[in-house]
1. Kindly indicate whether any position in region 285-296 is closer than 30 Å to Val421 by Cβ, open to solvent by less than 30 Å² (accessible area, probe 1.4 Å) and either part of a helix (DSSP H, G or I) or not acidic (Asp, Glu) (or both).
2. Does region 548-571 contain at least one residue that is touching a residue at least 12 places away in the same chain (Cβ under 8 Å) and in a helix (DSSP H, G or I)?
3. Looking only at region 475-506, how many residues end up being farther than 20 Å from Ala531 by Cβ, in a helix (DSSP H, G or I) and open to solvent by 30 Å² or more (accessible area, probe 1.4 Å)?
4. Please go through region 73-83 and give me each residue that is open to solvent by 80 Å² or more (accessible area, probe 1.4 Å) and in a strand (DSSP E or B), ordered by number.
5. Scan region 765-787 and tell me whether some residue there is more than 42 Å from the chain's Cα centre (by Cα), of a type outside the set (Gly, Ala, Ser) and open to solvent by 50 Å² or more (accessible area, probe 1.4 Å).
6. Name the helices (runs of 4 or more DSSP H) wholly within region 335-436 that hold at least 3 residues that are of a type outside the set (Val, Ile, Thr) and open to solvent by less than 40 Å² (accessible area, probe 1.4 Å)?
7. Tell me which residues, restricted to region 20-47, are open to solvent by less than 30 Å² (accessible area, probe 1.4 Å) and either β-branched (Val, Ile, Thr) or within 30 Å of Pro164 (Cβ to Cβ) (or both).
8. Within the bounds of region 788-802, is there any residue that is among the polar types (S, T, N, Q), farther than 23 Å from Ser670 by Cα and open to solvent by 40 Å² or more (accessible area, probe 1.4 Å)?
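The values are calculated or read from the model by the stated rules, or taken from the named source; none is laboratory data. Computed from a prediction, not measured in an experiment: that's the story for all the values here. Heads up, the Cβs are rebuilt from the backbone with ideal geometry, glycines too, and the neighbour counts pull from every protein chain shown. Each accessible area value is taken on the protein alone, full model and side chains, heavy atoms only, with ligands, DNA and RNA left out. Shrake-Rupley method; radii C 1.70, N 1.55, O 1.52, S 1.80 Å.
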Amino acid sequence: METHYIGEHLLPGELGHFFVLLGFVAAIVSAISYFSSARSRIPEVSISWKKLARAAFFIQVFSVLAVFAVLYFIISHHYFEYHYAWEHSSRALPVKYLLACFWEGQEGSFLLWTVWQSVLGVILICTARDWESPVMTVISFGQVCLGSMLIGIYFFGYKVGSNPFALLRNEMAGAPIFSDPAYLQKYIRDGNGLNPLLQNYWMVIHPPVLFMGFASTIVPFSFAFAALWKKRYTEWIRPVLPWALFSGMILATGVIMGAAWAYESLNFGGYWAWDPVENSSMVPWLCMVAGIHTAVSFKHTGHALKSAFFFFITAFILILYSTFLTRSGILGNTSVHAFTDLGMSGQLLIYLAIFLIPAYGMLIGKNRDIPSMKKEETLDSREFWMFIGSLVLFISAVFILVITSIPVWNRIFGTHFAEPVEREFAYNRIEVFVAIFLALGIAVTQYLKFRGTPMAYLKKKLLWPTVVSLILGSLILFYGDIHYDRFGGGFLAAILILMFCSVYAIIANLSYILFMIRGKMRSAGPSLAHAGFGLMLLGILISSSRKTVISHDPMGLLTGAFPKDSKQDSRENVLLYREVPMEMGGYDLTYRGDSVSRVDGKHFYKISYVRRDSATGKVEESFNLYPNAFINPKGQEGLISSPASKHYFTHDIYTYLTLVNDPTQIRDTSHYEAHLIGVGDTVFFADGYIRLDGLDSHPVTPRYRPMAGDIAVGARLTIHGSDSDQFKAYPVYYIRDSTYENNIPDTVTQLGLYLKFDKILPEQRKIELSIRQSGQQNDWVVLKAYLFPYISLLWMGTILMILGFAVSIFKKIAPPKSSRPPPALKTGS
């Protein structure tokens with residue numbers, strides 16, 4: 001007998017799955033029709049097939065958008081009878097994070113990818129002209145593959161895709177709660193919620209931009225594939241360049257947005273950790289940039305056509321490979337970003353093979369037919385160094401990919417290669433030399449001419465940029481105090497060389513804009529992008545090599561506080577008790593307490609920073625940071641903390657929590673009580689008494705920094721506990737600049753005792769001692785803080801590089817009216 005469940009909303013799910021299947025079928029019809037149109041040599045027949053293909057593709061686009069709308073409707077209305085809504089959302093989730101629920105799961109991220117590929121397909125239908133049929137054949141077939149990831153139906157016992165509209169009771173069929181028709185009312189009143197790490201504004205905008213970048217790589221691939229298929233080996237370069245530039249721009253933006261999210265949300269102390277998922281997004285970008293440069297080289301000289309084919313094909317293939325890496329579960333625990341395996345590993349490999357084998361097969365098979373210049377490039381030509389630079393980018397990509405794919409090699413060959421212990425150095429020891437070559441190359445290459453450059457001309461044009469760069473580089477070296485010797489003198493030397501080359505890249509490209517093209521911004525795209533890349537390198541170098549830990553534990557209070565397998569160094573952390581100031585990095589830090597978010601259960605801890613004038617003691621600057629920490633209910637166990645930063649142009653103060661006490665147990669209502677006490681007198685508190693042993697007119701304690709003209713007194717106290725334990729305390733009272741009164745309290749943490757030396761009463765020969773005994777003396781946090789110098793250069797360089805891409809795209813798609821077509825290229829086979 002069929003169970004009739006109470007309160008389920010089945011229509012949206014049925015409608016959504018219908019549109020998934022409709023879109024899948026329409027994509028198949030579109031791909032077949034476009035293929036038939038491209039093959040037909042009869043114009044009327046070709047046009048007829050093209051009309052059918054367009055209609056089918058637009059139906060597919062409508063279906064994809066309908067799927068997106070229905071899934072959003074289900075999530076926003078909290079229909080937790082659907083597994084996807086239950087798994088990734090909750091009633092308390094703010095509206096601004098509802099979209100982030102889409103890309104937390106695999107199905108939603110594939111849907112996002114499909115949406116962007118649909119949008120790009122529509123644009124191509126409107127702009128591709130005679131390239132439409134062969135290019136859209138590939139795009140439509142890509143939609144078939146992506147659509148198959150969402151259909152969630154069985155073929156011959158094998159499940160194809162994962163249905164985002166699957167019901168919770170079907171996905172967890174064995175759970176006893178589903179024997180009750182009223183399970184929704186009794187047991188499933190709320191969803192599992194969005195991972196707190198993803199509840200960040202960057203995760204609302206970063207994945208859509210990154211997936212647009214992923215989707216965009218299929219366009220240069222499709223042009224390259226179509227050119228090989230239709231034997232139009234040279235015609236595709238002109239229409240593909242704007243798309244390649246767009247793909248390079250969007251991919252770079254997405255990757256940098258991910259770095260910004262990591263900097264603001266994760267606590268590894270930076271923005272790039274060579275994480276496998278980070279790497280798998282950057283590697284295709286390196287190949288795309290290599291393809292852009294070889295395509296430009298061919299456009300001007302006829303050289304490097306085969307390389308352009310190879311790089312554009314490889315960029316998309318690497319996107320598919322990275323998709324397999326991050327979604328097959330093969331990365332295991334090597335990445336904090338990877339998805340869990342939904343059983344689609346085989347399907348992802350088929351998706352990869354379907355595009356890889358025909359594309360490389362045609363490239364190899366038609367290698368002899370692709371035109372190439374008989375005359376080799378000369379060493380003094382721009383095209384030669386553009387090709388060498390592209391080759392270096394590709395070698396860099398291969399190196400990164402080999403290390404990132406260690407789990408794959410282990411799975412294929414049954415080996416047990418371990419991840420590098422020093423992951424950062426494992427990559428940087430090679431990439432630093434890649435960066436040196438690239439920085440030097442982008443500084444010099446634009447001053448070279450295509451097909452050859454007189455040496456006297458090159459020396460003349462590079463003289464002043466070189467001189468200025470040497471002067472600025474020397475000033476940075478002299479005043480920058482770059483002394484990153486963690487991995488030896490050789491690595492430090494490479495960093496210093498790269499610093500000079502980065503400055504050279506910036507100055508040379510800005511000089512090129514000002515003096516070579518006389519400030520014509522329409523032609524400044526490449527130079528802006530190169531200068532931005534150089535500025536990025538400089539920001540990375542300075543912020544990483546001079547990153548300084550400013551939190552320290554000189555008294556060893558945290559010795560043994562961290563597990564043995566923890567990467568934390570207890571000496572680089574500071575223990576803060578509530579309302580007890582602690583000096584750190586020129587600031588007085590005070591932990592003020594915490595508050596709990598009603599939305600996600602995060603605890604935000606208020607840390608007060610105060611910097612005083614060293615002479616007068618007056619407050620020069622004060623601000624609060626609110627790092628948060630929580631026990632992550634999804635994906636990871638234990639304490640997860642997100643940093644908080646104070647941003648300046650010259651540096652960032654980056655703070656995060658490494659240990660916290662259980663905040664739910666803290667209910668401290670204690671307050672200070674003032675007592676008048678003389679030398680030898682005692683005063684009682686709940687767990688014992690305090691004796692004033694004496695007063696020192698020149699107090700010595702690490703917590704007090706004496707200044708000229710100070711009048712200071714330290715109180716020597718002995719505290720006797722109820723268990724005959726004795727403790728020492730040394731609060732300080734001082735007057736600075738004749739008027740400014742202040743005190744430096746002391747604590748006895750074992751007794752939860754806080755002691756302040758408030759006043760001196762000379763007529764009574766007494767002092768005023770304020771005592772507070774916390775009922776919860778364990779209200780504390782352990783904090784780690786870094787100073788990141790000039791990290792703003794990294795973000796500024798990113799913006800400048802993206803601007804350079806945008807200017808280049810504008811020039812390609814909107815040529816001046818007076819421009820003439822370039823002369824025909826002389827190529828030979």
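1. Scanning region 285-296 turns up at least one residue that is closer than 30 Å to Val421 by Cβ, open to solvent by less than 30 Å² (accessible area, probe 1.4 Å) and either part of a helix (DSSP H, G or I) or not acidic (Asp, Glu) (or both).
2. yes
3. The total comes to 8.
4. Once the filter is applied, which keeps residues that are open to solvent by 80 Å² or more (accessible area, probe 1.4 Å) and in a strand (DSSP E or B), region 73-83 yields nothing.
5. At the first step, the residues of region 765-787 found to be more than 42 Å from the chain's Cα centre (by Cα) are 765-773, 775.
After this cut, where a residue has to be of a type outside the set (Gly, Ala, Ser) as well, the list is 765-769, 771-773.
So of that shortlist, the ones also open to solvent by 50 Å² or more (accessible area, probe 1.4 Å) come out as 765-766.
Within region 765-787 (the criterion being more than 42 Å from the chain's Cα centre (by Cα), of a type outside the set (Gly, Ala, Ser) and open to solvent by 50 Å² or more (accessible area, probe 1.4 Å)), the answer is yes, since at least one residue qualifies.
6. Filter on region 335-436 gives 345-365, 382-404.
7. Val20, Gly23, Ala26, Ala27, Ser30, Ala31, Ser33, Tyr34
8. As a first pass, look at region 788-802 and keep what is among the polar types (S, T, N, Q): 792, 798.
Add one more test, that the residue is farther than 23 Å from Ser670 by Cα, and what stays is 792, 798.
Restricting the remaining residues to those that are open to solvent by 40 Å² or more (accessible area, probe 1.4 Å) gives none.
For region 788-802, residues among the polar types (S, T, N, Q), farther than 23 Å from Ser670 by Cα and open to solvent by 40 Å² or more (accessible area, probe 1.4 Å): absent.
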